[in-house]
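Contents: one structure, followed by commentary.
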Amino acid sequence: MIIYLSGRETDDLLMVLEGVEGVVVKRSAERKKRKYFEKGARKDSMGAVSAKVFISGEIAAEARDIVVEGVRVKQVEVVIKGEGDAETVFAGPNDERGQLQALADLLV
């Protein structure tokens, strides 16, 4: 499964996902720019991080829980591409139980 993450607090979520076996994170060039800004620029002047996250089936439950929790509490956006051009977007922080369950169901 491939999901797309972006947003101001995406970097925090990506660092956790990078530690999960079976998850591969491909960061955008924005990550390289952030390293430059981390040397003294204001946080609000940094661009949002984005990445493609590849999740293998063996660890889907662990990765799913991390992504759902990230959407619940962090300023992130998750885009899940479906058949053809269809896509589903979830944005956080979002504590709505129905939305979080729908996200978890799509990530199975």
### Query
On full extension of the chain, what length is gained from residue 95 through residue 83, given 0.36 nm per residue of separation minus the C-alpha to C-alpha distance?
1.6 nm
### Task
Taking the Cβ of residue 57 as the centre, find all other residues whose Cβ is under 13 Å away and add up their charges (Lys, Arg: +1; Asp, Glu: -1).
-2
### Task
Enter the accessible area per residue of the stretch 65-108 (Å², integer; probe 1.4 Å; all protein chains in place).
60 Å²
### Task
Please work out the FRET efficiency for the pair residue 65 and residue 26, using the Cβ-Cβ distance as r and a Förster radius of 22 Å; give the result to the nearest 0.05.
0.55
### Query
Once the piece of chain linking residue 56 and residue 4 is laid out straight, how much longer is it, given 0.36 nm per residue of separation minus the C-alpha distance between them?
17.2 nm
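The values are calculated or read from the model by the stated rules, or taken from the named source; none is laboratory data. Since the structure is predicted, the reported quantities are computational estimates derived from the model, not experimental observations. Note that each Cβ is placed from the backbone with ideal geometry, even for glycine, and that neighbours are counted across all protein chains shown. Accessible surface areas use protein heavy atoms only, side chains included; no ligands, DNA or RNA. Shrake-Rupley method; radii C 1.70, N 1.55, O 1.52, S 1.80 Å.
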